[in-house]
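A.B. asks: Can you keep this structure in mind? I'll have questions shortly.
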Amino acid sequence: MSKRLFILATASLILSLTSSCEKDDLCASDFAATPRIIIIFKDDSNPLLRKAVTSLQVREVGQTSFAPLNNLGATVLNVVDSIAIPLKFDTAGTQYEFTQTNAVGVANTDVVTFSYDLGEVYVNRACGFKIIYRNLNETITAELPLNRWIQSTTTLQTDVTSNTAAHVEIRH
């Protein structure tokens with residue numbers, strides 16, 4: 001009988017602990033995560049059309065490893081028309097090398113600098129604060145001789161506060 005009483009007491013304790021949680025007591029990863037910058041690729045001659053990049057790798061300038069380009073952590077994507085990459089949260093800028101490799105294996109790398117103001121937003125009691133990026137701006141580093149595969153960039157949203165919409169358009 002005491003074993004049955006112990007199981008009943010344990011079940012009651014677990015039920016009371018879990019039923020007393022409020023939404024501020026739990027931190028869902030969707031709310032806590034610092035947003036990534038979402039980039040879409042468009043056709044330079046017709047900006048209304050998305051244009052996939054044949055083979056794409058992105059690496060922060062000065063780093064040896066490539067950045068994860070999607071939720072699965074892939075560092076090389078083939079025939080891709082959008083990516084989501086992290087921005088630095090300890091400085092007001094991040095510089096990336098975008099490397100496109102064509103069908104015959106020739107790689108072309110362009111450098112894009114993202115500058116922004118850092119901010120924080122309170123999520124809830126369990127999550128605390130997360131970093132957001134305001135006043136986003138991007139520039140392409142000039143190449144000599146002129147051999148850019150990225151022709152231009154356009155800021156679609158100046159504030160990076162979520163992972164729900166595109167922030168930057170790259171035309172190639």
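A.B. asks: Just for the range 153-172: of the residues that are under 16 Å from Ala33 (Cβ atoms) and hydroxyl-bearing (Ser, Thr, Tyr), which one is modelled with the highest pLDDT?
C.D. replies: Among them, the one singled out is Thr161.
A.B. asks: Quick one: in the range 106-154, which of the residues that are more than 19 Å from the chain's Cα centre (by Cα) and among the aromatic types (Phe, Trp, Tyr) is surrounded by the most Cβ atoms within 10 Å (Cβ to Cβ)?
C.D. replies: The extreme case among them is Trp149.
A.B. asks: Do the conditions hold for Ile83, that is, is it on the phi < 0 side of the Ramachandran plot, of a type in the set (A, V, I, L, M, F, W, C) and touching a Phe, Trp or Tyr at 6+ places or on another chain (Cβ under 6 Å)?
C.D. replies: Answer is no for this residue.
A.B. asks: Among the candidates Thr18, Thr10, Thr34, single out the residue that is among the polar types (S, T, N, Q), surrounded by 12 or more Cβ atoms within 10 Å (Cβ to Cβ) and either part of a strand (DSSP E or B) or at pLDDT below 95 (or both).
C.D. replies: Thr34
A.B. asks: I've got another one for you. Say whether the condition of being surrounded by 15 or more Cβ atoms within 10 Å (Cβ to Cβ), among the β-branched types (Val, Ile, Thr), under 15 Å from the mean Cα position of the chain (by Cα) and within 18 Å of Thr154 (Cβ to Cβ) is met by at least one residue in the range 62-85.
C.D. replies: yes
A.B. asks: Between a residue in the range 120-143 that is closer than 13 Å to Ile37 by Cα and any residue that is assigned to a strand (DSSP E or B) and of a type in the set (Asp, Glu), which pairs come within a Cβ distance under 6 Å, given they are 6 or more apart or on different chains?
C.D. replies: Listed by first residue and then by second, the contacts come to Arg134/Asp117; Asn135/Asp117.
A.B. asks: On to the next question. Scan the range 49-67 and give yes if some residue there is touching a strand residue (DSSP E or B) at 6+ places or on another chain (Cβ under 6 Å) and hydroxyl-bearing (Ser, Thr, Tyr), otherwise no.
C.D. replies: For the range 49-67, residues touching a strand residue (DSSP E or B) at 6+ places or on another chain (Cβ under 6 Å) and hydroxyl-bearing (Ser, Thr, Tyr): present.
A.B. asks: Condition first: touching a Ser or Thr at 6+ places or on another chain (Cβ under 6 Å) and under 17 Å from Ile150 (Cα atoms). Now tell me which residues in the range 104-137 satisfy that.
C.D. replies: Ala107, Thr109, Val111, Thr113, Phe114, Asn137 - these are the residues of the range 104-137 that are touching a Ser or Thr at 6+ places or on another chain (Cβ under 6 Å) and under 17 Å from Ile150 (Cα atoms).
A.B. asks: Only residues in the range 88-102 that are of a type in the set (Phe, Trp, Tyr) count as the first member; pair them with residues that are assigned to a loop (DSSP other than H, G, I, E, B), Cβ under 9 angstrom, at least 6 apart or cross-chain, and list the lot.
C.D. replies: These pairs meet every condition: Phe89/Thr34; Tyr96/Val61; Tyr96/Ala67; Phe98/Trp149; Phe98/Ile150.
A.B. asks: Here is a list: Ala142, Ala103. Which entry is out of contact with any strand residue (DSSP E or B) (no Cβ under 8 Å at 6 or more places or on another chain), under 21 Å from Asp43 (Cα atoms), of a type in the set (Gly, Ala, Ser) and not in a strand (DSSP E or B)?
C.D. replies: One residue alone meets the criteria, Ala142.
A.B. asks: Still on this structure, please answer the following. Residues in the range 83-101: is at least one acidic (Asp, Glu) and at pLDDT 95 or above?
C.D. replies: Scanning the range 83-101 turns up at least one residue that is acidic (Asp, Glu) and at pLDDT 95 or above.
The values are calculated or read from the model by the stated rules, or taken from the named source; none is laboratory data. Nothing here was measured: the structure is a model prediction, and the numbers come from that model. Note that we place each Cβ from the backbone using ideal geometry, even for glycine, and neighbour counts take in every protein chain shown.
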